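K.L.:
Pasting a structure here, questions to come.
Bear in mind that the values in this text are calculations on the coordinates, not laboratory data. Just so you know, these numbers come straight off a predicted model, no measurement behind them. Heads up, the Cβs are rebuilt from the backbone with ideal geometry, glycines too, and the neighbour counts pull from every protein chain shown.
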Amino acid sequence: MQTEKTFKNERLTYRLNIVAQEAIQANDEIFLRETGSRIRDLRVLRLIDDRPGTTFAEIAKTTGFERSLTSRIIQYLIGAGLIERENSSEDARVFLLSTTPKGKEVRQVARRLSDRLEVILTDPLSSQEMRALNEILARLGAWVTSEDYRNALANEPKKDAI
């Protein structure tokens, strides 16, 4: 196991971000080779497949990607024949996105690949550690998306008040 890379910062959010970014960077070329798409493209594909009829605005909000990046990804997915768009019957300016059969197939290939790569990523952890990690991440995820968390942040004293 490689140990020469150490965290340059002890903050939890920094460490979580580094672990995620390192894993994504290491896996991205594998996804491109096996599916023809990069990880972020596949994330958007998955979101559209999970919610047929979703819109550009919903995808941009859910992913947190910049609008220009979201637009490029959607254009790529359309051009690759993985998704299609149709005008909303309620508002012609809005496009409804859905997955094509080819897109559904690519999603399944990506899912199987993701499952295999996740096993490699978590190899240093025991099954008990994996259960604990998943439970902790679920609790943190619920917390950071909660109203209580937003209230706690809003009540954080301002710099001048300290």
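K.L.:
Quick one: compute the contact order of segment 33-100, relative version, from alpha carbon pairs under 8 angstrom and 6+ residues apart, as a percent. The partial results should precede the final answer.
P.N.:
Details: 71 pairs, mean separation 25.2, N = 68.
For segment 33-100, the relative contact order is 37 percent.
K.L.:
Right, something else. Please give the length that would be gained between Ala154 and Asn134 if that part of the chain were fully extended, namely 0.36 nm times their separation in residues minus their C-alpha to C-alpha distance (nm, one decimal).
P.N.:
Working: separation 20, 0.36 × 20 = 7.20 nm, distance 2.79 nm.
4.4 nm is the gain from fully extending Ala154 to Asn134.
K.L.:
If you average over every viewing direction, what projected area does the convex hull of the Cα atoms of segment 98-141 give, in nm²? Please report the intermediate quantities before stating the final value.
P.N.:
Numbers: hull surface 17.1 nm².
Spelled out: convex hull of the Cα atoms, projected over all directions, averaged, 4.3 nm².
K.L.:
Continuing with this model, one more query. Counting only trypsin sites (Lys or Arg not before Pro) that are in a DSSP loop and have at most 10 other C-beta atoms within 10 Å, tell me the longest site-free stretch of the chain.
P.N.:
In short, 12-92.
K.L.:
Also, quick follow-up: If you project the alpha carbons of the chain onto their three principal axes, what span does each projection cover, largest first, in Å?
P.N.:
Its Cα atoms span 52, 45, 26 Å along the three principal axes.
K.L.:
How are the C-alpha pair distances of segment 25-83 spread across 10 Å bins, as whole percents from the shortest bin up?
P.N.:
Percent of Cα pairs in each bin: 23, 56, 20, 0.
K.L.:
Sorted from fewest to most neighbouring beta carbons within 10 Å, what does the list Glu135, Glu90 look like?
P.N.:
Result, fewest neighbours first: Glu90, Glu135.
K.L.:
So, in nm, how far is label Lys61 from label Arg112 when the simple model puts each one 7 Å beyond its Cα toward the Cβ?
P.N.:
3.6 nm
K.L.:
Sticking with this one: For each of Glu147, Glu84, count neighbouring Cβ atoms within 10 Å of the residue's Cβ, then give the residues from fewest to most.
P.N.:
Ordered from fewest to most neighbouring Cβ atoms within 10 Å, Glu147, Glu84 come out as Glu147, Glu84.
K.L.:
Normalised by the number of residues in the chain, what is the relative contact order in percent for Cα pairs under 8 Å and 6+ residues apart?
P.N.:
18 percent
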